[in-house]
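Colleague: Provided herewith is a single structure, encoded as structure tokens, for subsequent inquiry.
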Amino acid sequence: MTDTYRTKGLRKHLVEDLKNKGIKDTNVLDAIGNIPRHYFVPSSLFEHAYMDTPLPIACNQTISQPYTVARQSELLEIKKQLRILEIGTGSGYQAAILRYMGAFVYSIERQRDLYEHAKELFHTLSISIASKHGDGYNGWSEFAPFDRILVTCGAIEIPQILLIQLKINGILVAPVGEPGQQIMTKTIRLSDTDFETTTHGSFRFVPMLKNAE
Ligand code: SAH
């Protein structure tokens, strides 16, 4: 895996593109400017890695569009050393961005091939991320509660268990809605029982599936 002047240059352009599209968090832009997205896409799609578009990965899934990764990361208000649970490791790109920003990342993927591929990639790139193969609908109780939870697949509604695994004052970001189109939601846990949810535009994600599906 090599990061050339060309790929570095393409990444700079991508960062400018995201700024123009309204991404303001400099830590997010810095992470996107530093993590080589081309390591996370299939080699046949290498040429498209720095376009602001989702791309197919194995198991009929997708690596999210850079704008979506940036927007979700921005909404999460990441600070160094926060513990964040990601549902849907996929290519591992979003997890690598969050780790670059200094968070401790725990990521769950239900497709075994994707889980294994991402785990190997994290190892090769010396990116320290805790990952597991499993159903994100169950969260990850051993490491709960989390400061942040990020869902990177479209759920019909926010899974209750994830809300339970969120710390008070923690933030959960999830695209919610029927397959085909979801609304980005940001939920802050105000107390044991109170949550405040705001919406942040429409996006399109692959569906969040239960393990039996
Ligand atoms: N964050 C990823 C995006 C991958 S697409 C990236 O940066 O590439 C969403 C992923 O969510 C898919 O890989 C899909 O297999 C996974 N997924 C869907 N339902 C899930 C569930 N219940 N638990 C864990 N992962 C799930």
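The values are calculated or read from the model by the stated rules, or taken from the named source; none is laboratory data. Model, not experiment: these values are computed from the prediction. A quick note on method: Cβ atoms are made from the backbone with ideal geometry, for glycine too, and the neighbour counts reach across all protein chains shown.
Colleague: Would you tally the residues in the range 181-213 being more than 15 Å from the ligand (Cβ to nearest atom) and either on the phi > 0 side of the Ramachandran plot or charged (D, E, K, R) (or both)?
Modeller: Kept after step one, since they are more than 15 Å from the ligand (Cβ to nearest atom), are these residues of the range 181-213: 181, 183, 185-202.
Then keep just the ones that are either on the phi > 0 side of the Ramachandran plot or charged (D, E, K, R) (or both); that gives 186, 189, 192, 194, 196, 201.
Count: 6.
Colleague: Hey, among I63, I23, I32, which residue is in contact with a Gly (Cβ under 8 Å, 6 or more places away or on another chain) and not polar (S, T, N, Q)?
Modeller: Working: I23 fails: in contact with a Gly (Cβ under 8 Å, 6 or more places away or on another chain); I32 fails: in contact with a Gly (Cβ under 8 Å, 6 or more places away or on another chain).
Criteria check complete, one pass: I63.
Colleague: Given the range 65-152, what strands (runs of 3 or more DSSP E) lie entirely inside it while holding 2 or more residues that are over 15 Å from I171 (Cβ atoms)? Step through it out loud before you land on a result.
Modeller: Values: elements: 83-87, 104-109, 130-133, 146-151.
Filter on the range 65-152 gives 104-109, 130-133.
Colleague: Sticking with this structure for a sec: Within the range 73-113, can you find the residues that are within 11 Å of the ligand (Cβ to nearest atom) and farther than 18 Å from I127 by Cβ?
Modeller: Correct list: I87, R110, Q111, R112, D113.
Colleague: Related question: Which number in (1) within 7 Å of the ligand (Cβ to nearest atom); (2) farther than 19 Å from V176 by Cα marks the one condition that S64 misses?
Modeller: (2)
Colleague: Please find, among Q72, Q94, Q160, Q65, the residue that is surrounded by fewer than 19 Cβ atoms within 10 Å (Cβ to Cβ) and under 12 Å from the mean Cα position of the chain (by Cα).
Modeller: Working: Q72 fails: surrounded by fewer than 19 Cβ atoms within 10 Å (Cβ to Cβ); Q94 fails: surrounded by fewer than 19 Cβ atoms within 10 Å (Cβ to Cβ); Q160 fails: under 12 Å from the mean Cα position of the chain (by Cα).
Of Q72, Q94, Q160, Q65, the one residue that is surrounded by fewer than 19 Cβ atoms within 10 Å (Cβ to Cβ) and under 12 Å from the mean Cα position of the chain (by Cα) is Q65.
Colleague: Suppose we filter T89, T53 for residues that are within 19 Å of F203 (Cα to Cα) and touching a residue at least 40 places away in the same chain (Cβ under 8 Å); which single one remains?
Modeller: Of the residues listed, the single one that is within 19 Å of F203 (Cα to Cα) and touching a residue at least 40 places away in the same chain (Cβ under 8 Å) is T89.
Colleague: Tell me, which residue of the range 180-213 that is hydrophobic (A, V, I, L, M, F, W, C) and either in contact with a His (Cβ under 8 Å, 6 or more places away or on another chain) or not in a loop (DSSP other than H, G, I, E, B) (or both) is farthest from K167 (Cα to Cα)? Full working, then the answer.
Modeller: Pass one, the range 180-213, residues hydrophobic (A, V, I, L, M, F, W, C): 183-184, 188, 190, 195, 203, 205-206, 208-209, 212.
Next, from what is left, pick out any that are either in contact with a His (Cβ under 8 Å, 6 or more places away or on another chain) or not in a loop (DSSP other than H, G, I, E, B) (or both): 183-184, 188, 195, 203.
On the way: I183: 23, M184: 20, I188: 9, F195: 11, F203: 26 Å.
Result: F203.
Colleague: Shifting gears a bit: Scan the range 163-191 for residues that are at pLDDT 95 or above and more than 17 Å from the chain's Cα centre (by Cα) and jot them down. Even if it seems obvious, please write down each step before you answer.
Modeller: Taking the range 163-191 and keeping what is at pLDDT 95 or above, we get 163-177, 182-191.
Correct list: L163, I164, Q165, K167, I168, N169, G177, I188, R189, L190, S191.
Colleague: Does at least one position in the range 56-64 carry a residue that is within 25 Å of F146 (Cα to Cα), outside any helix (DSSP H, G or I) and without any contact (Cβ under 8 Å) to a residue 60 or more places away in the chain?
Modeller: Going through the range 56-64, the residues within 25 Å of F146 (Cα to Cα) turn out to be 63-64.
Filter once more, keeping what is outside any helix (DSSP H, G or I): 63-64.
Within this subset, residues satisfying the condition of being without any contact (Cβ under 8 Å) to a residue 60 or more places away in the chain are 63.
Yes, the conditions are met somewhere in the range 56-64.
Colleague: Could you check, for the range 161-177, whether at least one of its residues is out of contact with any Ser or Thr (no Cβ under 7 Å at 6 or more places or on another chain), farther than 30 Å from N34 by Cα, free of Cβ contacts under 8 Å to residues at least 40 places away in the same chain and among the small types (G, A, S)?
Modeller: For the range 161-177, residues out of contact with any Ser or Thr (no Cβ under 7 Å at 6 or more places or on another chain), farther than 30 Å from N34 by Cα, free of Cβ contacts under 8 Å to residues at least 40 places away in the same chain and among the small types (G, A, S): present.
Colleague: Let me ask something else. For G88, state whether it is within 22 Å of T199 (Cβ to Cβ) and in contact with a helix residue (DSSP H, G or I) (Cβ under 7 Å, 6 or more places away or on another chain). Step through it out loud before you land on a result.
Modeller: Values: within 22 Å of T199 (Cβ to Cβ): yes; in contact with a helix residue (DSSP H, G or I) (Cβ under 7 Å, 6 or more places away or on another chain): yes.
Spelling it out, G88 is indeed within 22 Å of T199 (Cβ to Cβ) and in contact with a helix residue (DSSP H, G or I) (Cβ under 7 Å, 6 or more places away or on another chain).
Colleague: Hey, another quick one. How many of the residues making up the range 128-155 are free of Cβ contacts under 8 Å to residues at least 40 places away in the same chain and either surrounded by fewer than 17 Cβ atoms within 10 Å (Cβ to Cβ) or not β-branched (V, I, T) (or both)? Give the derivation first.
Modeller: Narrowing the range 128-155 to residues free of Cβ contacts under 8 Å to residues at least 40 places away in the same chain: 128-130, 132-133, 138, 141-142, 145.
If we keep only those that are either surrounded by fewer than 17 Cβ atoms within 10 Å (Cβ to Cβ) or not β-branched (V, I, T) (or both) too, we end up with 128, 130, 132-133, 138, 141-142, 145.
Result for the range 128-155: 8.
Colleague: Quick one: T53 ticks every box in (1) assigned to a loop (DSSP other than H, G, I, E, B); (2) crowded, with 21+ Cβ neighbours inside 10 Å bar one, so which box is it?
Modeller: (2)
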